[in-house]
Structure formats: C-alpha cells, structure tokens
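So the structure is just underneath, and the comments pick up after that.
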Amino acid sequence: MKPLQTTSGDLNADRRADYAEMLFASGDHAAAAELLLGALELAPQWAMGWFRLGEMQEASGRLDLAAQAWRASLKLDPADRQGAALKLQLTGKGPVATAPPSAFVETLFDHYAETFEDMLVGKLHYRLPQVLDTAIREARPGRFRLALDLGCGTGLMGERLRPIVDRLEGVDISASMLRKARAKGVYDALTKADLQGFSHSGERPDLVTSADVLIYIGALESIVGTVAGLLADGGLFAFSVESLAGKGDFALQPSRRYAHSDDYVRRTLLANGFSILTLEPTIIRQDRREPVEGLAVVARKAHAD
C-alpha cells in the first residue's frame, strides 16, 4: 500500500520527506525515519507525516518510537484517516477494536479510486464478483426484483448483477468510488453511506450482496442483523470474508483487513435467521504474490411464520 500523497504545507518539509521516501525505498529505514523526523520539526501538525514516520520506525524495528509517532498522528487527527489506531493494535501498543475507523476506510478508497480496478483486477487477479455471481445463479436461478450492492465500489459486482436484476442499487462510503460506479451506468441508484451505521428504508430487496467488503468491518453481528432486517422473506445475502487461519471469531491482519472464521460466519448467520446455501473456500485475490484465501457465502433469509 503506497502512502497517501498529502503535503505538509511546508515546501522544505515536503522536500525532506521526499528524500526520506527515497532512503526508505533503498532499504535504509532508520536513516529515512531520522530525515522524516527532521521534516516534522518544520511541520509538527502534519498528521500523515507522523503516521508515515511510524511506518518507517516500525520497518527499522523501533516499535516504541513507531507507537509514539502513531499516537501523535492520532492526536492530530482523531478521526484517524491514516488508520493509526489499527497500527497500534497490530503492534500490541493499542486497544483491540472490532472495526476500523470509518474515516480511514473512506480515505483509503477515495485515494485508490482512480487506479482501483487496474490494480485489483489486472495485477491482483481479483475474481470474487464472478465467483459470487455463479453462486447466486446456482442458489436461485432466474431474476431478482431488487438487488442492493453494499460496498459497491466502482461497480465490479454490479456489472455481474445487472443482467439478472430488475432494479439495482449501490451503497458505498467513498464518493470517489461512487463517481466511478455512476459512470458505468449499471446502477439505478447510488447512495453514499457508512455500512457500520447503515439503514435502509423503502422496498425490501430480494438480493443483498457485499463483495470483499466485510473485511473492513470486523464484528459481523450488526451488519448481518441489518441485512436480515431489510431483506424480503426468502431473499438472498451473498458476500465474502477472508479466512481466519488462527483461533477466534475474527482478527485484524497486518494488511489492516479483518479475517473471519468459518464457524463465526455460520453462527452469526444462523443467529439472524439465515439458512446457509453456499459456504465455499475461494481465492479472493493475490497479495504480495500470495493467494488470499476466503469464503464465498450465499444465505437465505427464512420466511416469516
């Protein structure tokens, strides 16, 4: 993940930060951190600079100094667009959170919207929309009246759904992603919303999808309960998670995405009145030339008695 390209507001500080990045790229992490620290003396209010300093200190093995830098970033930007709290958690220097900061997720996808599809599909071999599309068609052949695509991004899942739905609506936290999706013309309506506090009014959809999105939520009880409440009886919920290799229900990974266990996904769905039609292992994408293993899930909401 490239650092966010933000400026400190000070030309000399930016120049030093650029040199620091060059040193970091060459492998001299400690020297890079020292140079960036000098830049921050000129621009002490630069939250992104403090976050990047933490990353450089982490790479040089100085975790206490990394934690100090991330705490400085968090103090300057309490909304935490950089995701400093997640880095503190991953290094054991901060509390465990059940979800990432919403501002971090929004900033991340606003930043990557322009190159998102080229990177994800072209370089990381992302194929989840195809996998979920196949699973949906096998679970319930035919057309759907209304589909709601949660975390629709640039519309990769929407392109797959369009041929089998009468009306297609998308929801995403990133305005930049929504602009990309709107340009494709596959959605009948697009809404900017944070899924962590999402609500839906109006006609009940008979299909809800969330492809490669729940990795940015963590604890699933709230979102699964929300989907159960808005789906029509007998409607389908098709989604994916990254697979948790260790013990527990879910855990934050070094990628700053969450992974979930098979058992946790099953329990959460059943507790919210879903029957599981498909829960299959799949490769979601590549990451650092390694396959990211996950689960492709299709569940049906029970009919009311």
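With a point put 7 Å past each Cα toward its Cβ, work out how far ALA25 is from ALA79 in nm, to one decimal.
It is 3.0 nm.
Taking a probe of 1.4 Å, how large is the accessible area per residue of the stretch 115-204, in Å²?
48
Could you please report the charge total around ALA84, scoring K, R as +1 and D, E as -1 over all other residues with beta-carbon less than 13 angstrom from its beta-carbon?
Overall, the nearby charge balance is +3.
What residue among GLY235, GLY83, GLY27 has the largest mean-square fluctuation in a Gaussian network model of the chain, using Cα springs under 10 Å?
Greatest mean-square fluctuation among the candidates belongs to GLY27.
Determine by what factor the alpha-carbon radius of gyration of the stretch 119-184 differs from 2.2 N^0.38 Å, reporting the quotient.
Here the answer is 1.13, to two decimals.
With runs of 4+ DSSP H residues as the only contributors, calculate the mean residue ellipticity of the chain at 222 nm using -39,500 (n - 2.57) per run, divided by the residue total and rounded to the nearest 500.
Value at 222 nm, helices only: -12000 deg cm²/dmol.
Indicate, rounded to the nearest 5 percent, the antiparallel portion of the DSSP beta bridges found entirely in the chain.
55
Tell me the angle of helix 221-230 to the major Cα principal axis of the chain, expressed in degrees between 0 and 90 and rounded to the nearest ten.
Taking Cα atoms only, the helix is inclined about 40 degrees.
Can you return the aspartates and glutamates within cross-link range of LYS184? Criterion is Cα-Cα under 20 Å, with same-chain partners fewer than 8 residues away left out.
ASP110, GLU114, GLU117, ASP118, ASP133, ASP149, GLU159, ASP166, GLU169, ASP172, ASP212
Among the aspartates and glutamates, which have Cα under 18 Å from the Cα of LYS87 when same-chain residues fewer than 8 positions away are ignored?
GLU55, GLU58, ASP64, ASP77, GLU106
Please report, in Å, the Rg and the Dmax of the stretch 13-154, where both are computed over Cα atoms only.
Here Rg and the maximum Cα pair distance are 19.8, 63 Å.
List every residue whose amide H lies under 5 Å from the amide H of ASP149, counting only residues 5 or more places away in sequence or on a different chain, with H placed 1.01 Å from N in the peptide plane.
It is GLU169, GLY170, VAL171, THR209, by chain and number.
Computed FRET efficiency, Cβ-Cβ of LEU63 and ASP233, R0 35 Å: what is it to the nearest 0.05?
FRET efficiency, LEU63 to ASP233: 0.10.
Mind listing the long-range amide H neighbours of ALA296? Cut-off is under 5 Å, sequence gap 5 or more, other chains count too, H placed in the peptide plane at 1.01 Å from N.
Sorted by chain and number, the residues that satisfy this are GLU280, THR282.
With respect to the cross-link table entries LYS93/LYS247; LYS123/LYS192; LYS123/LYS247; LYS75/LYS123; LYS93/LYS123; LYS93/LYS301, which display a Cα-Cα separation exceeding 29 Å?
LYS123/LYS247; LYS75/LYS123; LYS93/LYS123; LYS93/LYS301, as the Cα separations exceed 29 Å there.
Any idea how far apart ASP262 and ASP18 come out in nm if each label point goes 7 Å out from Cα toward Cβ?
About 5.2 nm, to one decimal.
The values are calculated or read from the model by the stated rules, or taken from the named source; none is laboratory data. Just so we're clear, the structure is a prediction, and the values are computed from it rather than from any experiment. Glycine also receives a Cβ, built like all others from the backbone with ideal geometry; neighbour counts cover every protein chain displayed. Just the protein is used for accessible areas: all its heavy atoms, side chains included, with ligands, DNA and RNA removed. Shrake-Rupley method; radii C 1.70, N 1.55, O 1.52, S 1.80 Å.
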